[in-house]
Amino acid sequence: MTENERFKEMIKFLIDSKRVRNQQQFTEEIRSDKATVSEIKTGKRKIPNNMFDKIEKVYPEICTDWLLTGKGEMLKEPDESSAFSINKSGEGAPYYNVDFMCGFDLIENDQTILPEYHIKFPKYKEATVWVNVSGNSMYPLISHGDIVALRKIDDWWEKILYGEVYAVVTEDFRTIKKIRKSSKGSDYLRFVPENVSEFDEQDVRIDSISIVYKVLGCAKIM
């Protein structure tokens, strides 16, 4: 099997396993373009070196050594330290079947609500809670229907790292965005979407923000 054939086989696996919906989503997630992916699949060009790094980052289960050389298997051996598991025994962080953008206040304000189950994921062991995401403002970094691991930040105004992704609760809304400094001054923060073609940046007053969570990462539950 050639490198190009392995590339084609990898995309087929990602689609068949519902890791991506289609080739277009794969192309967007690795920040490539339709022509490049098509040319690799048809054998018209080799896989660019920087694409291996992108694939390894977005799809860590894929063995890029296999993709490059054909040695070994497509999927990496399971690593217990990074294993994602769902349980009802209380191991890990609680998962609530609510959207952060609408309904999250239920678990914030009513401590009698029980989680649907717990998620154990050593990679995000600092998570306070897992919840759903709706909307596409952070696509392809975070997609509609993903679940996200959130860590609540106390004294967040002293700990914000500009350029990182946060889940923010304000007086009027809840949103997940990258946070940057605002040109309006120190009383504001700039909320920046990943999907800039469909969503605008927004300046938000700091005194309207009540709670901030660091977005540790996301996952899909089939």
query = Beyond 18 Å, what share of the Cα-Cα pairs of the range 44-97 remains, rounded to the nearest whole percent?
reply = 50
inquiry  = List the pairs from K8/K178; K120/K220; K120/K177; K12/K44 whose alpha-carbon separation is above 23 Å, in the order I gave them.
reply    = K8/K178; K120/K177
ask   = In the range 173-207, which GluC sites (Glu not before Pro) fall in coil by DSSP and have 14 or fewer other Cβ atoms within 10 Å?
value = E198, E201
query = How many Å³ per residue does the convex hull of the Cα positions in the chain occupy?
reply = 140
note = Computed ³J(HN,Hα) along the range 201-206: with the Karplus parameters 6.51/-1.76/1.60, θ = phi - 60°, integer Hz and x for glycine or proline, the list is 6, 8, 9, 10, 5, 4
request  = Please give the length that would be gained between L68 and N22 if that part of the chain were fully extended, namely 0.36 nm times their separation in residues minus their C-alpha to C-alpha distance (nm, one decimal).
outcome  = 14.3 nm
key: Vicinal HN-Hα couplings computed from phi for the range 72-77 (Karplus, 6.51 cos²θ - 1.76 cosθ + 1.60; Hz; Gly/Pro x)   = x, 10, 4, 9, 5, 5
query = For the chain, modelled as a GNM with alpha-carbon contacts under 10 angstrom, which of K152, K88, K177 fluctuates the most?
reply = K88
task = Please state, to two decimals, what the Cα-based radius of gyration of the range 3-77 comes to when divided by 2.2 N^0.38 Å (N = residues).
result = 0.98
ask   = How many angstrom lie between the C-alpha centres of the range 179-222 and the range 1-42?
value = 31
message = Given the options V58, Q24, P48, identify the residue whose Cα lies farthest towards the positive end of the charge dipole of the range 3-77 (+1 on Cβ of Lys, Arg; -1 on Cβ of Asp, Glu).
response = Q24
inquiry  = Among V165, Y117, G90, whose Cα projects farthest towards the positive end of the dipole of the chain, with charges put on the beta-carbon of Lys, Arg (+1) and Asp, Glu (-1)?
reply    = V165
ask   = Hey, with R₀ at 35 Å, roughly what FRET efficiency would E116 and K46 work out to, going by the Cβ-Cβ distance, to 0.05?
value = 0.15
ask   = Using the Kirkwood formula over every pair of different C-alpha atoms, what hydrodynamic radius in Å results for the range 103-162?
value = 13.6
query = Could you put L189, L114, L14, L141 in order, starting from the residue whose Cβ has the fewest other Cβ atoms within 10 Å?
reply = L114, L141, L14, L189
request  = May I ask for the net charge around V133, where only other residues with Cβ less than 14 Å from the Cβ of V133 are counted and Lys, Arg are +1 while Asp, Glu are -1?
outcome  = 0
remark   = For the range 47-59, Karplus-derived ³J(HN,Hα) couplings (6.51, -1.76, 1.60; θ = phi - 60°; whole Hz; x for glycine and proline) come out as 6, x, 4, 5, 6, 4, 5, 5, 5, 5, 6, 7, 10
remark   = Counting only residues 5 or more apart in sequence or on a different chain, those whose built amide H sits under 5 Å from that of Y95 are E116, Y117, H118, I119, W130
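Each reported figure results from applying straightforward, stated rules to the coordinates on display, with no laboratory input. From a predicted model like this one, the values you see are computed outputs, not experimental measurements. Note that we place each Cβ from the backbone using ideal geometry, even for glycine, and neighbour counts take in every protein chain shown.
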